[in-house]
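The values are calculated or read from the model by the stated rules, or taken from the named source; none is laboratory data. As the structure is a prediction and not an experimental result, all values here were calculated from the model. Here the Cβ positions follow ideal geometry from the backbone for every residue, glycine too, while neighbour counts run over all protein chains shown.
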């Protein structure tokens with residue numbers, strides 16, 4: 001049993017801000033906020049979208065939703081929440 005106290009400072013020490021390290025069941029897609037261009041993806045992204053990682057790099061996020069029922073405008077609207085809240089710093 002771990003006797004260390006658990007509080008919010010535990011979260012501060014987690015290296016979740018380091019690209020390239022994701023949970024085994026997760027996927028990562030990093031985009032340029034001003035252009036919605038894909039600049040980084042996790043190695044396992046093809047399992048989710050059926051497109052190899054090298055083919056996604058440099059593409060619009062439209063490539064991610066091309067074979068889904070999610071309209072790209074809906075995805076962009078969700079991403080724009082960060083822009084409206086000034087949480088994206090270009």
Residues satisfying the stated conditions in the range 17-58, i.e. modelled with pLDDT under 90, over 19 Å from residue 79 (Cα atoms) and exposed (fewer than 10 other Cβ atoms within 10 Å of the Cβ): 18, 20, 23, 24, 25, 47, 50
Hits in the range 49-61 - residues which are assigned to a helix (DSSP H, G or I) and in contact (Cβ under 8 Å) with a residue 12 or more places away in the chain: 49, 53, 56
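Which one is surrounded by the most Cβ atoms within 10 Å (Cβ to Cβ) among residues in the range 61-75 that are farther than 22 Å from residue 22 by Cβ and either modelled with pLDDT of 90 or more or in contact with a helix residue (DSSP H, G or I) (Cβ under 9 Å, 6 or more places away or on another chain) (or both)? Walk me through it before giving the result.
As a first pass, look at the range 61-75 and keep what is farther than 22 Å from residue 22 by Cβ: 62, 66-67, 69, 71-74.
Checking which are either modelled with pLDDT of 90 or more or in contact with a helix residue (DSSP H, G or I) (Cβ under 9 Å, 6 or more places away or on another chain) (or both) leaves us with 62, 66-67, 71-72, 74.
Details: 62: 12, 66: 14, 67: 9, 71: 10, 72: 16, 74: 11.
Ranking the candidates gives 72 first.
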Residues within the range 30-53 that are within 11 Å of the chain's Cα centre (by Cα) and under 15 Å from residue 67 (Cβ atoms), tallied: 1
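Select, from 81, 6, the only residue that is at pLDDT below 80 and assigned to a helix (DSSP H, G or I).
Values: 6 fails: assigned to a helix (DSSP H, G or I).
From the options 81, 6, the qualifying one is 81.
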